[in-house]
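Chemist: Can you keep this structure in mind? I'll have questions shortly.
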Amino acid sequence: MMNGAESLAKTLVLNEVEVCFTNPGTSEMHFVSALDRVDGIRCVLGLFEGVVTGAADGYYRMAGKPAATLLHLGPGLGNGLANLHNAKKANSGIVNVVGEHALHHIECDAPLTSDIEGVARPMSHWVKVSKSSKAVAQDGAMAIEQARKTPGEIATLILPADTAWGEGSEPVLARTPQNPPQVGDAQIKKIAQVLRSQGPKALLLGGSALRGESLVLAGRIAKATGSIVLSEYNNARMERGAGRVRAKSIPFSVNSALELLKDYENIVLVGAKKPVAFFGYPNKPSYLHPSGCSLTELVAIDQDILNALRQLAHELGAVEDAVELCGTLSPQVRPEGEFTHLGIAQVLTALIPEGAIVVDESITTGREFDALTMGAHPHDWLNIMGGSIGFALPTAVGAAIAQPSRCVIALEGDGSAMYTLQSLWTMARENLNVKVIIFANQSYEILKGELVNVGANSGHKAQSMLSLNAPALDWVGLAKAQGVEGFRVTNLQDFYATLKQVLVMSGPQLIEVAMH
């Protein structure tokens, strides 16, 4: 007899869900056993649920299809919510399987009993409790169908223990996802008229517009109409580097963003939202475009972005136009001396391998990396989308599992890294090709600037809450304790030499860039 847990595992395999990031507990033991018996699913253990959910986000961004997660009851799901928030903002498709007490045991109010549906809803698009073992396979197929939507969605299936151990049904094939809706001809003509107008204008790209043919088409349209190509500051995945169309990111800083956009009269949104400040500040606007600027949407994130750009390029006669591409900016002279943001960017520009995946949570250190590294070898760049820190290390895990032949470089602040430090253990256990660079400034540096930005007190107690130097974190020691070889560098020439060395080494390594 096939039990409910086996029917779910076989449904995942049938629908090409090939990876399950796990942190199981007692109520999930039958599903753990099913994953052991059913071939076709790679199980990756994370020692904290935020690693599990962040890895599923990174996997979707690079594989283009959902992974599953396995989480233990409400508290386990709760531990993973921060990176589910990031995944939801990134439109990543994920199938969460969350264990629950046996249905008859819930009313007893045992210590781990909680409102799992209530915990799940804010970070999920779809939530369902399986009510019988016979329904588990169908419920699993429904969750997969939701996660595969365009854009991807977070689907959370709650699996009571008795529905896992009870008699199950045959695995179920999920319905094929519907094609995203297309933009109508009238909207295409309207946007073409906007772009033919006089005055400064821009295409603001988001989502899949920043990749592949869509990015090339945006470059052609911009050149044909005298526009500039911009991107949102936070992007799930951007193709960039030498030989690719340059999409200039709107800066994080409100003042810098206002300065960049101040003269534009028309901005066309291509899978992007209105440009908005990351936070609200006293006496500063929330939206970043000038008051006289017209914002017009070509295509929304849930529509067919590529087809809309094809239609627009055809309407403008820009289908075969040449396009301006980034040139190589690799420095001729290796930077030396003390660390500067420019010097660090020059090292990265020189050494990022072709085809690399860069996962960026460099926060303050990397604030200007977009402009400074645009001439590196062609690569993919993954940003944090939801602003919940502890993103880069687990996302690098998922990206490396999705694309094992490619080098993954995680750019990480020391404060952020401490949220999901356990990711290093998973990197070592799975022997992933991840190179972690920790920018160790021994503080929540971004918050020091925010104290000034919001006009708040910055006295001794406030500063002590932002400091990480008493005691200082030993990143080489922390890496070693989890099976990852670590290196500490104190100047730019050592950083260059060490990064060059680790890029040809197998498995994961960590470089601590000692900023102080």
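Chemist: Among the residues of the stretch 136-182, which ones are free of Cβ contacts under 8 Å to residues at least 60 places away in the same chain and of a type outside the set (D, E, K, R)?
Modeler: Q138, M142, A143, Q146, T176, P177, Q178
Chemist: Ok, one more. Answer with yes or no whether L316 is touching a helix residue (DSSP H, G or I) at 6+ places or on another chain (Cβ under 9 Å), over 22 Å from N235 (Cα atoms) and surrounded by fewer than 22 Cβ atoms within 10 Å (Cβ to Cβ).
Modeler: yes
Chemist: Quick check on my filter: what residues within the stretch 450-480 are in contact with a strand residue (DSSP E or B) (Cβ under 7 Å, 6 or more places away or on another chain) and part of a helix (DSSP H, G or I)?
Modeler: W475, V476, A479, K480
Chemist: Determine the pairs where a residue that is over 19 Å from N307 (Cα atoms) and crowded, with 20+ Cβ neighbours inside 10 Å, located within the stretch 183-211, has a partner that is modelled with pLDDT of 95 or more and among the acidic types (D, E) with Cβ atoms under 9 Å apart, the partner being 6 or more residues away or on another chain.
Modeler: K201/E265
Chemist: OK, next. Please report, ordered by residue number, the strands (runs of 3 or more DSSP E) entirely within the stretch 1-90 with at least 2 residues that are at pLDDT 95 or above and surrounded by fewer than 24 Cβ atoms within 10 Å (Cβ to Cβ).
Modeler: 19-22, 42-45
Chemist: Report, by residue number, each residue of the stretch 180-198 that is under 31 Å from the mean Cα position of the chain (by Cα) and farther than 15 Å from V268 by Cα.
Modeler: P180, P181, Q182, G184
Chemist: A further question on this structure: What is the residue count in the stretch 177-211 for residues that are out of contact with any helix residue (DSSP H, G or I) (no Cβ under 8 Å at 6 or more places or on another chain), assigned to a helix (DSSP H, G or I) and within 30 Å of I144 (Cβ to Cβ)?
Modeler: 1
Chemist: Given the structure, is Q442 at positive phi, over 17 Å from the mean Cα position of the chain (by Cα) and either surrounded by fewer than 24 Cβ atoms within 10 Å (Cβ to Cβ) or modelled with pLDDT of 95 or more (or both)? Spell out the reasoning first.
Modeler: Working: at positive phi: yes; over 17 Å from the mean Cα position of the chain (by Cα): yes; either surrounded by fewer than 24 Cβ atoms within 10 Å (Cβ to Cβ) or modelled with pLDDT of 95 or more (or both): yes.
Considered against the rule, which asks whether it is at positive phi, over 17 Å from the mean Cα position of the chain (by Cα) and either surrounded by fewer than 24 Cβ atoms within 10 Å (Cβ to Cβ) or modelled with pLDDT of 95 or more (or both), Q442 comes out as yes.
Chemist: Just for the stretch 319-329: of the residues that are within 31 Å of the chain's Cα centre (by Cα) and surrounded by 15 or more Cβ atoms within 10 Å (Cβ to Cβ), which one is modelled with the lowest pLDDT?
Modeler: Result: L329.
The values are calculated or read from the model by the stated rules, or taken from the named source; none is laboratory data. These numbers were taken from a predicted model, which means no experiment stands behind them. Note: ideal-geometry Cβ built from the backbone for every residue, glycine included; neighbour counts use all protein chains shown.
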